[in-house]
Amino acid sequence: MRYIPHTEADVAAMLSAIGLRSLDELIDHVPAELRRGATLDLADGLGEADVSARLTALAARNRVAPDLLCFAGAGAYPHFVPSVVDAVIQRSEFATAYTPYQPEVSQGTLQATFEFQTLVAALFGLDVANASLYDGSTATAEAVLMAKRLAPKAGRVLLAASLPPQYRQVVSTYLEGVAGLECVELPFGADGRIDRGALERSLSPAPAGVVVGHPNFFGIIEDLSAIAGAVHGADSLLVTVTAEAMSLGLLRAPGALGADIAVGEGQSFGIPLSYGGPYLGLFATRERYVRSMPGRLVGETVDEQGRRGYVLTLATREQHIRRERATSNICTNQGLCALAATVFLALAGRRGLREIADRNARKARHALGRLRDRVGAELAFNAPFFNEFVVRLPDARRRHQRALERGVLAGVPLDQWYPQLADELLVCATEVHTADDVERLAEALSP
């Protein structure tokens, strides 16, 4: 028998308190055509084997990453995952998504999380990192909320329009429940970088924070030092967002360039493409801001016999302290994905990570050169980039669709988010792409 704790009267009272008449109104924002298609057409009384066969047949209609030659990045990147990563994370001792509450029986998991935090802090060039968040988009939203806590009188936060569009949407959703905080978008210039003039004009009155990509959504490397100088001159905080974490193997750490809070997506470190997740939110900041940081923090200590051990040092969420003092309502971390990233980074090492990142940059430049030579593609933005770049092609949307029919995911059309980029594709090349793969890409995009 189902256990449903709320009576009809309870539900009616709660709906009345928020000004709604039915539960359906809670999902009115979901397009009607999606809601109509959200049910499965299954006959009553089917057995388990029949249901399994039906669902398998439906799933087979999806085209997934192994079925396509993928040159799409835009927040989800095809990288090689060494077999040792799965070998470690599949051990039963680690098969949990939670940071543990009982340190006396959880030293292995706690140490792995501590090592993860150490690696993330080093990658970002900052003092302290948390035990992870859900993904890069929610980490970005949490960074915005943290900036607001550190500047409670500020009424705005500035977000670069060149951040990943989904990240900006998640931030907007988070801020719907935050009174007195306006989200203002900063345009990008002709080179794809943040419009410095617009930034400087927007810094008065001082915003809670300025959020920029490192690299940005177009794969372009921003001049963080110059941006940090302007932002700090206005007595504001600089937040950087790194959707492609592999870039940190080659680029200077955002903390070294002036970032106060650095967040990102850790999928590139040992986590395969998998229909949108699970992913891994990275979050680091300076030590003086640690008590405003969301999520959990594992620390090192000694027991009564002087032996090294690990414990939850900070857990500033509403389950652990008074709700009005909580920094986040996120109730867990991505423990298993964080472990995968830890194993990947430990295996690669500092030099290995740099070599992988260098191969990414070289492969991207080779791909750009071949697209220029074979299909006449033009580089849309004249600025340094990592492993993603924007090319301009006549009739880009049609070419992209035709390439998909040929089994090649030839980047991502940008007009769905940026109408002014109607003939532009965002293309990504990583260490997994061969010279033959690049030739297939060019062939698939040929007129």
If you check residue 110 against the conditions, is it of a type in the set (A, V, I, L, M), under 30 Å from residue 412 (Cβ atoms) and touching a strand residue (DSSP E or B) at 6+ places or on another chain (Cβ under 9 Å)? no
Could you tell me whether any residue of segment 177-192 is under 14 Å from the mean Cα position of the chain (by Cα), open to solvent by less than 10 Å² (accessible area, probe 1.4 Å) and either modelled with pLDDT under 95 or not acidic (Asp, Glu) (or both)? no
Part of a loop (DSSP other than H, G, I, E, B), open to solvent by less than 20 Å² (accessible area, probe 1.4 Å) and not charged (D, E, K, R) - does that describe any residue in segment 389-400? yes
Mind listing whichever residues of segment 128-148 are in contact with a Phe, Trp or Tyr (Cβ under 9 Å, 6 or more places away or on another chain) and open to solvent by 30 Å² or more (accessible area, probe 1.4 Å)? 134, 135, 145
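To keep it simple, each residue is scored yes or no on (1) touching a Cys at 6+ places or on another chain (Cβ under 9 Å); (2) assigned to a helix (DSSP H, G or I).
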position	(1), (2)
118	no, yes
141	no, yes
154	no, no
157	yes, no
179	no, no
184	no, no
190	no, no
So the check is Cβ under 7 Å with 6+ separation or different chains; which pairs have a first residue in segment 297-325 that's exposed (fewer than 13 other Cβ atoms within 10 Å of the Cβ) and a second one that's of a type in the set (Gly, Ala, Ser) and modelled with pLDDT of 85 or more? 301/309; 302/309; 303/309
Flagged in segment 249-281 as small (Gly, Ala, Ser) and either open to solvent by 30 Å² or more (accessible area, probe 1.4 Å) or outside any loop (DSSP other than H, G, I, E, B) (or both), in numbering order, are 249, 255, 256, 262, 264, 274, 276, 281
Selection status of residue 347, closer than 11 Å to residue 270 by Cα, assigned to a helix (DSSP H, G or I), open to solvent by 20 Å² or more (accessible area, probe 1.4 Å) and of a type outside the set (Lys, Arg): yes
Residues of segment 89-102 being open to solvent by less than 40 Å² (accessible area, probe 1.4 Å) and part of a helix (DSSP H, G or I), in sequence order, are 89
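This table checks each residue for (1) open to solvent by 40 Å² or more (accessible area, probe 1.4 Å); (2) assigned to a loop (DSSP other than H, G, I, E, B).
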position	(1), (2)
12	yes, no
21	yes, yes
34	yes, no
39	yes, yes
49	yes, no
55	yes, no
72	no, yes
80	yes, yes
109	no, no
Considering only residues that are closer than 17 Å to residue 258 by Cα and not acidic (Asp, Glu), which ones fall in segment 207-224? 207, 208, 209, 210, 211, 212, 213, 214, 215, 216, 221, 224
Out of segment 408-447, which residues are open to solvent by less than 20 Å² (accessible area, probe 1.4 Å), in contact with a strand residue (DSSP E or B) (Cβ under 6 Å, 6 or more places away or on another chain), part of a loop (DSSP other than H, G, I, E, B) and over 13 Å from residue 368 (Cα atoms)? 414
Mind listing just one residue for me: the one in segment 400-430 that is of a type outside the set (A, V, I, L, M, F, W, C) and in contact with a Leu (Cβ under 7 Å, 6 or more places away or on another chain) and, of those, nearest to residue 388 (Cα to Cα)? 411
All conditions in (1) modelled with pLDDT of 90 or more; (2) surrounded by 21 or more Cβ atoms within 10 Å (Cβ to Cβ); (3) in contact with a helix residue (DSSP H, G or I) (Cβ under 8 Å, 6 or more places away or on another chain); (4) not in a strand (DSSP E or B) are true of residue 173 except (2)
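The values are calculated or read from the model by the stated rules, or taken from the named source; none is laboratory data. All values derive from a computational prediction rather than experimental measurement. Backbone-built Cβ (ideal geometry, glycine too); neighbour counts: all protein chains shown. Side chains included, ligands, DNA and RNA excluded: accessible areas come from the protein's heavy atoms. Shrake-Rupley method; radii C 1.70, N 1.55, O 1.52, S 1.80 Å.
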